[in-house]
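The values are calculated or read from the model by the stated rules, or taken from the named source; none is laboratory data. What you see is a predicted model; the values in this text were computed from it and never measured. Methodologically, a virtual Cβ is constructed for each residue, glycine included, from the backbone with ideal geometry; neighbour enumeration extends over all protein chains shown.
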Amino acid sequence: MYQRFQHTLIMNYIWGSGIAVFGVGGLFIFQTLDLSKTEMLILLAIMGLSGMMMIGLELLLYRRHIRPIRRVFQTETPTYEELQQAFDQTSHFPTLTVKRILGPHLFGLSVPAMSMTALAIEQGWIDLPYRLIGLAAFGAILIAILHALIEFFLTYRSVEPLLLQLQEMSGNLYGRPLQATYRSISVRTKLLISMLVIGVFPVALFILASGVQLSTVNQVDAYWQWAAVILVVIIGVATFSSFLLYDNIKRPISALTEGVAALDAGRLNQIDNPYSDEFAQLVTGFNQMVTNVTYRDAENEQLLNSLFVLFAATLDARDSYTAGHSERVAAYSVELAQALQLPAGQIELLRKSALLHDIGKIGIRDDVLLKEGKLTDHEFAQIQEHPTIGIHILNQISLPAALQPILAGVRSHHERIDGRGYPDRLVGEEIPLFGRIMAIADAYDAMTSDRPYRDGMPVEKALSILESGRGTQWDPAFVDVFIRLRRRAISA
């Protein structure tokens, strides 16, 4: 890949130099000036010698620019830092190419060429006025800018496969992507420079060529004044046109950028599509992607909810007398959370936590869990282990970060405000919010549900027990809200 990259750069350089320097520059010199064959040969020799100096200077700078990239491909196992440095340098290479052309390329050619041409005029080898050397310097700058523009876009296209190769190497060796730390030239700047070069270059070159041919005519100063006005007008028109073109391209790009940012933030919003060009297809594709992601997320959420309900139903199925307990605790918890005006996302996490609050009882033996009589101290100690068993089970499935809050409710739903609960004997607001809410819902459903050895107690009696335990066993503010909700439901 590296050898192919270098070969492509060399071919780009040959094409760019051939078009800009020897094509436009040679045409400008030999078609504009009235030269004898001897003078043409002298100028060709000057261009050849200057070109050799230019290539030498540019080659020195090129080797410096290519060094970080070459180091990676000449090392059997490059470090991640070396890969990142090569990635940054490759991304920067189109701009570095422009700097080489406007630096050693321009001055390595023009300075020796102008010096040798001045010497040839002084020695009488060439019959030209000295002021043409100044015009030639201006022409050299124009041609160098054209060459730089051509090389920039050719190199920009050439670096793409190498960037992909470096990313692949980083993934294979270190399992992580390289970071795009270098910010390339903006589309706005590219359009502005391109429009200026495309619009101004032909006119400027024509004006320069005409000025050379008219250099012996008397009103040459008036000609240059006229040429300056024309050039200013063309620069203005080209600049204005580039801004119009950029604005036309920027609007759909900005819409897509904002849409991607919203998608990254978790907002699945489609974007308006008033476009009728190729951007219409891009926006349509983006909106279709949003639709597909929304549909997939809805399916995943439905599947996740079904799994939570399945876990709860599996646990409840071990004891027919507690069937539906987890779902009722979840419903009571959600009702209380809504009355407390918790955010919708937090309420949904609470519901999931409540569905799984007794998942640890899967690890309790049936002869203890399903015992109808009074538990011994040893048996009760085993029952008290179910919150920590539940946490252990859930940790085995590596819950994503978004679902981690449900663990707090599973672990702490048997904690007491006075610190006499289990498993951590937390006190007051040390108990997580989910645990304080679920403790009330769990106790209420346990008291009002039928058991093999007793019938469920009346609602009012259960509420009076909750009221008597406010501030000791349960959060007093939450108990007050829950009692109000239940009595309102009874009266309704």
(request) Could you grab me the full set of residues in segment 353-375 that are part of a helix (DSSP H, G or I), surrounded by 16 or more Cβ atoms within 10 Å (Cβ to Cβ), out of contact with any Pro (no Cβ under 9 Å at 6 or more places or on another chain) and modelled with pLDDT of 85 or more? (result) ALA354, LEU355, ILE359, LYS361
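I need the helices (runs of 4 or more DSSP H) fully contained in segment 376-423, keeping only those with at least 1 residues that are in the same structural domain as ASP442 (by TED's automatic domain parsing) and among the basic types (Lys, Arg). Walk me through it before giving the result.
Details: elements: 377-383, 386-395, 406-412.
Passing ranges, in order: 406-412.
Mind telling me which of the residues HIS386, HIS378, HIS392 ends up being buried (at least 20 other Cβ atoms within 10 Å of the Cβ) and either farther than 21 Å from GLN346 by Cα or touching a residue at least 12 places away in the same chain (Cβ under 8 Å) (or both)? Spell out the reasoning first.
Values: HIS378 fails: buried (at least 20 other Cβ atoms within 10 Å of the Cβ); HIS392 fails: buried (at least 20 other Cβ atoms within 10 Å of the Cβ).
So the residue among HIS386, HIS378, HIS392 that is buried (at least 20 other Cβ atoms within 10 Å of the Cβ) and either farther than 21 Å from GLN346 by Cα or touching a residue at least 12 places away in the same chain (Cβ under 8 Å) (or both) is HIS386.
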(request) Output the residues belonging to segment 75-95 that are within 27 Å of MET47 (Cα to Cα) and either crowded, with 17+ Cβ neighbours inside 10 Å or not assigned by TED's automatic domain parsing to the domain that holds MET11 (or both). (result) PRO94
(request) Exactly one condition in (1) closer than 30 Å to SER36 by Cβ; (2) surrounded by 13 or more Cβ atoms within 10 Å (Cβ to Cβ); (3) at pLDDT 80 or above is not met by SER158; state its number. (result) (1)
(request) Could you grab me the full set of residues in segment 48-69 that are free of Cβ contacts under 8 Å to residues at least 40 places away in the same chain and either outside any helix (DSSP H, G or I) or charged (D, E, K, R) (or both)? (result) ARG63, ARG64, ARG67
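A quick yes/no check of all residues on (1) loosely packed, with under 12 Cβ neighbours inside 10 Å; (2) among the basic types (Lys, Arg):
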residue	(1), (2)
LEU282	no, no
ARG296	yes, yes
GLU301	yes, no
GLY345	yes, no
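Within segment 469-483, work out how many residues are among the charged types (D, E, K, R) and free of Cβ contacts under 8 Å to residues at least 24 places away in the same chain. Before you say what the answer is, go through the steps one by one.
As a first pass, look at segment 469-483 and keep what is among the charged types (D, E, K, R): 470, 475, 480.
Among the residues that remain, those that are also free of Cβ contacts under 8 Å to residues at least 24 places away in the same chain are: 470, 480.
Of the residues in segment 469-483, 2 are among the charged types (D, E, K, R) and free of Cβ contacts under 8 Å to residues at least 24 places away in the same chain.
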(request) May I ask you to list the residues in segment 450-492 that are within 53 Å of the chain's Cα centre (by Cα) and under 27 Å from LEU369 (Cα atoms)? (result) LEU466, GLY469, THR472, GLN473, TRP474
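So that you can scan it fast, the table gives a plain yes or no per residue for (1) modelled with pLDDT of 80 or more; (2) of a type outside the set (Phe, Trp, Tyr); (3) on the phi < 0 side of the Ramachandran plot:
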{"position": "GLN213", "(1), (2), (3)": "no, yes, yes"}
{"position": "ALA222", "(1), (2), (3)": "no, yes, yes"}
{"position": "TRP226", "(1), (2), (3)": "no, no, yes"}
{"position": "ILE234", "(1), (2), (3)": "no, yes, yes"}
{"position": "LEU256", "(1), (2), (3)": "yes, yes, yes"}
{"position": "GLN288", "(1), (2), (3)": "yes, yes, yes"}
{"position": "VAL293", "(1), (2), (3)": "yes, yes, yes"}
(request) Could you check how many residues of segment 277-313 are without any contact (Cβ under 8 Å) to a residue 24 or more places away in the chain and closer than 30 Å to ARG251 by Cα? (result) 13
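Suppose we filter ILE121, ILE143, ILE126 for residues that are aliphatic (A, V, I, L, M), assigned by TED's automatic domain parsing to the domain that holds MET52, over 22 Å from PHE5 (Cβ atoms) and surrounded by fewer than 18 Cβ atoms within 10 Å (Cβ to Cβ); which single one remains? Before you say what the answer is, go through the steps one by one.
Details: ILE143 fails: surrounded by fewer than 18 Cβ atoms within 10 Å (Cβ to Cβ); ILE126 fails: surrounded by fewer than 18 Cβ atoms within 10 Å (Cβ to Cβ).
Exactly one residue qualifies, and that residue is ILE121.
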(request) Considering each of VAL98, VAL72 in turn, give the residue that is in contact (Cβ under 8 Å) with a residue 40 or more places away in the chain and either under 27 Å from the mean Cα position of the chain (by Cα) or exposed (fewer than 15 other Cβ atoms within 10 Å of the Cβ) (or both). (result) VAL72
(request) Identify, by number, the condition in (1) modelled with pLDDT under 70; (2) closer than 30 Å to ILE253 by Cα that GLY199 doesn't meet. (result) (1)
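Going by the conditions given, is GLY259 surrounded by 11 or more Cβ atoms within 10 Å (Cβ to Cβ) and either more than 30 Å from LEU192 (Cα to Cα) or of a type outside the set (Phe, Trp, Tyr) (or both)? I'd like the intermediate steps shown before the answer.
Working: surrounded by 11 or more Cβ atoms within 10 Å (Cβ to Cβ): yes; either more than 30 Å from LEU192 (Cα to Cα) or of a type outside the set (Phe, Trp, Tyr) (or both): yes.
Here the answer is yes, as GLY259 does meet what is asked.
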(request) State yes or no: is PHE434 touching a residue at least 40 places away in the same chain (Cβ under 8 Å), in a helix (DSSP H, G or I) and touching a strand residue (DSSP E or B) at 6+ places or on another chain (Cβ under 9 Å)? (result) no
(message) Here are the criteria: (1) buried (at least 19 other Cβ atoms within 10 Å of the Cβ); (2) under 45 Å from the mean Cα position of the chain (by Cα); (3) not acidic (Asp, Glu). Tell me which single one GLY428 does not satisfy.
(response) (1)
